[in-house]
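A quick write-up on the structure given underneath.
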Amino acid sequence: MIALANHIKPGVFIDIGANIGVYTLSLARKTDIPVIHAYEPDSDNNLKLRTNIYLNAFSSRVVVHDEALSDEDGTAELLVARSSSYLNMGKSSLTAQEGVEYDKVSINVSRLDSVTNFINQTILVKIDIEGHELRAISGMEGLLRNNKVLMQVEIFRKSYE
């Protein structure tokens, strides 16, 4: 993704499911993307993300959002995986997965089209939101229609169809 960003020179990177900021920080450090929007609704991960951005001095380029993206505006229950494993901090989702136990937290959700107004831009998007990808993409139809958008979407094998 870094090589692609350096080749296409997007004006915006949108990290949907930013977690603690691996993509956000990597692209902030190794590209000249002027504006980065990182969406992370899990409060623990969001705090780590904000801390990482501050410690790496990227606050002037990165905007952190504490809401989830979906196909509607309002509130929803974020399913936070119950795990003591530090490595399992990326399993929170708006969509339940088999075999995972969750706690529920009320959060704000938005359609990306409701919170952005980009027109005629080259935009790079990464989506990793644990099974809720299609609904988030449905909430960004205007963004997709009015811009040149390249997306990397992580999906579960059972969601390929």
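What angle do you read, to the nearest 10 degrees and between 0 and 90, between the alpha-carbon axis of helix 43-55 and the longest principal axis of the chain? That helix lies at roughly 30 degrees to the long axis.
Here the convex hull built on the C-alpha positions of the range 85-155 has a volume of 108 cubic angstrom per residue.
Label positions at Glu77 and Asn6, each projected 7 Å from the Cα along the C-beta direction, are separated by 4.6 nm. In a reduced charge model with +1 at each Lys and Arg Cβ and -1 at each Asp and Glu Cβ, the range 18-76 shows a dipole moment near 560 debye about its Cα centre.
For the chain, a crude dipole built from +1 on the beta carbon of Lys and Arg and -1 on the beta carbon of Asp and Glu, taken about the Cα centre, is about 700 debye to the nearest 20. With the helix formula -39500 (n - 2.57) applied to DSSP H stretches of n ≥ 4, the chain reaches a computed 222 nm mean residue ellipticity of -7500 deg cm²/dmol. Along the charge dipole of the chain, which of His132, Ser26, Ala68 sits closest to the positive end, that is, farthest toward it, with unit charges on the beta carbon of Lys, Arg, Asp and Glu (+1, +1, -1, -1)? It is Ser26.
Quick one: net charge around Asp32, please, counting Lys, Arg +1 and Asp, Glu -1 for every other residue with C-beta under 14 Å from its C-beta.
Working: positive: Lys9, Arg29, Lys30, Arg61; negative: none.
My count for the surroundings of Asp32 gives +4.
Per residue, the chain exposes 55 Å² of solvent-accessible protein surface, assessed with a 1.4 angstrom probe and all protein chains in place.
Restricting the count to DSSP beta bridges whose residues both fall in the chain, what percent are antiparallel, rounded to a multiple of 5?
On the way: 9 of 31 bridges.
The antiparallel fraction comes to roughly 30 percent.
With a simple spin-label model that places each label point 7 Å from the Cα along the Cα-to-Cβ direction, the separation between Val115 and Lys48 comes to 2.0 nm.
The values are calculated or read from the model by the stated rules, or taken from the named source; none is laboratory data. Remember, predicted model here, so these are calculated numbers, not experimental data. Note that we place each Cβ from the backbone using ideal geometry, even for glycine, and neighbour counts take in every protein chain shown. The accessibility values were calculated without ligands, DNA or RNA, using every heavy atom of the protein model including side chains. Shrake-Rupley method; radii C 1.70, N 1.55, O 1.52, S 1.80 Å.
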